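Colleague: Quick one: the structure is below, questions incoming.
The values are calculated or read from the model by the stated rules, or taken from the named source; none is laboratory data. All values derive from a computational prediction rather than experimental measurement. Because the Cβ atoms are built from the backbone with ideal geometry, glycine has one as well, and the counts that use them run over all protein chains shown. Keep in mind that these areas ignore ligands, DNA and RNA; they rest on the heavy atoms of the full protein, side chains included. Shrake-Rupley method; radii C 1.70, N 1.55, O 1.52, S 1.80 Å.
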Amino acid sequence: MGELLYEIGVEELPSGYIIPAAEALLKQTTASLKELGLDGADIKSYSTPRRLAVSVIGLPDRRPAKKVKQYGPPAKAAFGPDGKPTKAAEGFAKSKGVDISAITVENTGKGEYICVETEEGGERTADLLKDILPKMTLALPFPKSMIWGAGDTRFARPVRWIVSVFGGEVIPVEVAGVKAVNVTRGHRFMGSQAIPVTGRADYVAKLKENFVVADVEERRQMAAKAASAAAQSNGAELYSDDELAMTVTCLTEWPVALWGEFDREFLALPEELLIASMKNHQKMFAAKGAGGRITNGFVGVSNMKSKDESVVTAGYRRVLRARLSDAKFFFDEDRKKPLSHFNEKLGGVVWQKKLGTMGEKVERITTVAGQLADRVAPEAKPAAVRAAALCKADLATQMVYEFPELQGVMGREYARHEGEPEDVAVAIYEHYLPKGAQDSVPATHAGAIVAIADKIDTIVGCFGVGLIPTSAADPFALRRSTLGIIQISFGGRGEPFSLAGLIDSSIASYAGKLESKPDEVKTAVLDFFAGRLKNLWTGDGIPHDVADAVLAAGFDDLADANLKARAMAELKKREFFAPLAITFKRVANITKGHAAGDVDNGLFEKDIEGRLVHEIGKAGKEVAPLLTSKKYLDALERIASLRGVVDEFFIEVLVMAEDEKVRTNRLNILAKLSAQFLKIADFSRITAG
């Protein structure tokens with residue numbers, strides 16, 4: 001068994017490129033080795049700003065050999081009447097590199113064909129790696145790549161060295177004119193630039209001796225520990241920020257944390273503005289004191305040890321002061337004008353060329369928010385309507401132009417400065433929530449209403465002019481907006497609302513601006529919501545068939561559909577579910593498409609018919625209050641208790657009787673039962689397994 005060590009040494013990569021590229025290299029290595037029959041080995045990737053590497057332990061020295069049977073033309077075409085091989089047989093033998101005598105005839109079940117058994121594999125692993133490693137390297141995906149020097153090779157940054165070692169020997173690989181060696185490089189400023197390596201163990205150890213932590217997770221923990229210690233030693237703690245932690249990890253090979261402080265006068269700025277200034281522009285961690293309030297301290301993470309840390313800290317402080325001075329200037333200038341001034345500017349800001357300006361969008365959001373408030377939380381309508389009217393005003397401010405990530409935050413702060421009610425100011429901020437799958441939803445009714453109105457306006461508008469997401473692109477983040485509405489609905493802010501009614505309100509607010517017919521837009525948007533719901537549910541462990549069954553029964557009330565899906569998923573865990581599913585799926589299938597009518601007791605031919613009708617009626621009375629109180633699992637279990645009598649019915653009665661009246665009457669009985677389940681899920685979509 002041998003060990004592969006492959007490293008691509010480059011000029012410093014952008015931090016956002018490193019993790020995706022390292023994952024791609026690991027995935028490509030795994031897939032390539034598996035294709036060659038060399039899978040099953042211990043594979044691990046390493047990455048820093050200056051390198052992407054992969055190590056594979058346990059590779060065989062040669063590709064495993066195996067016998068392969070290959071078939072040629074039919075025997076009747078391969079041999080003449082005299083039994084001698086034809087040109088077809090000779091050509092087949094030649095193409096396989098064997099003598100004609102090696103050909104045999106075999107009955108394949110489709111007739112007799114000539115075949116030959118050959119041996120594949122046996123090649124030296126080093127020779128195979130020589131071919132695949134350069135291809136893997138040049139296939140790595142990057143958001144942007146570049147051409148440098150005289151060649152035409154594209155890569156994220158110039159390739160400076162290649163390490164390619166298998167079994168302690170150099171594999172003669174060449175990429176972008178750079179020939180492979182067994183020598184890597186340490187930290188650019190603190191380490192040796194000529195470090196011989198033979199495999200994973202000494203690669204990791206020697207790099208660490210030369211101030212490079214090659215393992216990403218180890219480096220992340222090192223950076224986090226150092227940053228936290230720097231804050232604690234100054235009586236503070238860091239704001240938790242996993243994204244920033246990974247960014248500084250990918251900016252460094254040897255992270256060193258430094259504490260610094262900025263002028264206290266800047267603490268008058270909003271907390272989010274201070275954090276954004278430090279994080280997004282300087283990659284610094286903000287710090288908070290014992291009371292949980294932001295302090296004037298920060299932690300910067302450097303890529304090297306410094307002889308005089310005060311010099312580095314002074315540099316951090318100088319750059320941050322300039323940034324915060326700009327922010328304070330924008331903050332003060334914006335507050336000299338009312339939000340209405342910035343709102344007027346939105347009429348000149350194009351939201352989408354087919355859908356009009358941002359000002360028009362605000363008008364639609366305000367209209368829909370008012371209508372939605374009437375349905376779900378009338379008491380919140382004044383705040384919701386006012387917040388909707390001002391929700392995008394901060395987009396025209398100097399501050400948000402400079403700090404786009406603060407949209408909503410600055411709208412809230414400027415609204416407070418003007419003396420707007422607190423619920424209006426908070427709703428302006430909250431209408432952007434949730435920003436991601438793990439983000440919190442609005443905590444206020446007004447915020448939830450404006451958030452839903454904003455998101456449905458984007459979804460309906462884009463679908464209405466053909467801007468529908470594909471598997472490769474979703475430029476208007478319609479999936480995120482749809483999931484946002486679903487998450488807010490699950491949060492239960494106010495009374496339930498009709499999704500179809502919400503879509504109708506949004507379509508009407510566009511006043512003919514949409515290119516597609518209203519019914520087509522509504523159907524497409526509902527289908528899109530169904531897809532997001534199913535993805536969300538199945539991602540949470542709800543079986544696919546349960547998701548389909550609940551969606552088929554209707555999901556106009558999103559929160560209610562969620563409760564039903566989880567109740568059905570719980571029912572499916574019961575030991576009795578498999579036979580239950582068979583019985584009630586039969587009921588659902590046999591009654592599908594049947595227009596249910598009244599049951600005529602005079603048409604009963606068996607006692608079981610009357611007994612089943614009685615039991616269905618009894619269960620229906622008990623289930624009704626359970627449905628009202630949304631105790632769906634209890635309701636399902638009560639309906640499920642009818643299984644025994646239903647099975648008896650199927651045994652004793654032929655549902656599809658020859659007599660049309662009797663047949664219809666029996667279908668009406670089963671339809672009453674099916675209707676109970678259809679209030680929760682369509683059992684015809686359920687699988688028993």
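Colleague: Being under 23 Å from V181 (Cα atoms), open to solvent by less than 10 Å² (accessible area, probe 1.4 Å) and free of Cβ contacts under 8 Å to residues at least 40 places away in the same chain: is that true of L26 here?
Modeller: It is false that L26 is under 23 Å from V181 (Cα atoms), open to solvent by less than 10 Å² (accessible area, probe 1.4 Å) and free of Cβ contacts under 8 Å to residues at least 40 places away in the same chain.
Colleague: Enumerate the pairs (first residue in region 259-285 and assigned to a helix (DSSP H, G or I); second residue anywhere and acidic (D, E) and surrounded by fewer than 22 Cβ atoms within 10 Å (Cβ to Cβ)) with beta-carbon separation below 6 Å, excluding pairs fewer than 6 apart on the same chain, so at least 6 apart or on different chains.
Modeller: Close Cβ pairs satisfying both conditions: A276/E405.
Colleague: Looking only at region 508-533, which residues are open to solvent by 70 Å² or more (accessible area, probe 1.4 Å) and part of a helix (DSSP H, G or I)?
Modeller: Listed by number, the residues that qualify are A508, P518, D519, E520, T523, D527.
Colleague: Another question, then. Inspect all residues belonging to region 219-236 and state whether any of them is open to solvent by 20 Å² or more (accessible area, probe 1.4 Å), assigned to a loop (DSSP other than H, G, I, E, B), within 15 Å of R50 (Cα to Cα) and of a type outside the set (S, T, N, Q).
Modeller: Scanning region 219-236 turns up no residue that is open to solvent by 20 Å² or more (accessible area, probe 1.4 Å), assigned to a loop (DSSP other than H, G, I, E, B), within 15 Å of R50 (Cα to Cα) and of a type outside the set (S, T, N, Q).
Colleague: Can you name every one of the helices (runs of 4 or more DSSP H) wholly within region 394-459 that holds 3 or more residues which are open to solvent by less than 10 Å² (accessible area, probe 1.4 Å)?
Modeller: Fully inside region 394-459 and qualifying: 409-418, 422-430.
Colleague: Do we have I680 as hydrophobic (A, V, I, L, M, F, W, C), crowded, with 19+ Cβ neighbours inside 10 Å, modelled with pLDDT of 90 or more and assigned to a loop (DSSP other than H, G, I, E, B) here?
Modeller: Against the criterion (hydrophobic (A, V, I, L, M, F, W, C), crowded, with 19+ Cβ neighbours inside 10 Å, modelled with pLDDT of 90 or more and assigned to a loop (DSSP other than H, G, I, E, B)), I680 qualifies.
Colleague: While we're looking at this one, here's another question. Only one of these is crowded, with 18+ Cβ neighbours inside 10 Å, in contact (Cβ under 8 Å) with a residue 40 or more places away in the chain and not basic (K, R): P49, P64, P73, P60. Name it.
Modeller: Sole residue among the options that is crowded, with 18+ Cβ neighbours inside 10 Å, in contact (Cβ under 8 Å) with a residue 40 or more places away in the chain and not basic (K, R): P49.
Colleague: Listed residues A377, A373, A389; which is within 30 Å of L269 (Cβ to Cβ), in contact with a helix residue (DSSP H, G or I) (Cβ under 7 Å, 6 or more places away or on another chain), buried (at least 18 other Cβ atoms within 10 Å of the Cβ) and touching a residue at least 24 places away in the same chain (Cβ under 8 Å)?
Modeller: After applying the criteria, what remains is A389.
Colleague: How many residues, within region 90-107, are open to solvent by 50 Å² or more (accessible area, probe 1.4 Å) and either under 15 Å from V68 (Cα atoms) or in contact with a strand residue (DSSP E or B) (Cβ under 6 Å, 6 or more places away or on another chain) (or both)?
Modeller: 7
Colleague: Of the residues that make up region 271-288, is at least one surrounded by fewer than 22 Cβ atoms within 10 Å (Cβ to Cβ) and touching a Lys or Arg at 6+ places or on another chain (Cβ under 7 Å)?
Modeller: yes
Colleague: Only one of these is open to solvent by less than 50 Å² (accessible area, probe 1.4 Å), of a type in the set (V, I, T) and closer than 27 Å to W259 by Cβ: V213, V204. Name it.
Modeller: Residue meeting the stated conditions: V213.
Colleague: Any chance you could count how many residues in region 180-197 are surrounded by 16 or more Cβ atoms within 10 Å (Cβ to Cβ) and under 18 Å from S164 (Cβ atoms)?
Modeller: 8
Colleague: Return the pairs, sorted by first residue and then second, in which the second residue is of a type outside the set (D, E) and surrounded by 19 or more Cβ atoms within 10 Å (Cβ to Cβ), the first residue lies in region 528-555 and is free of Cβ contacts under 8 Å to residues at least 12 places away in the same chain, the beta carbons are less than 7 Å apart, and the residues are 6+ apart or on different chains.
Modeller: Note: pairs meeting the criteria are T538/A547.
Colleague: Then there's this: Look through L514, L626 and report the one residue that is more than 31 Å from the chain's Cα centre (by Cα) and touching a residue at least 12 places away in the same chain (Cβ under 8 Å).
Modeller: The match here is L626.
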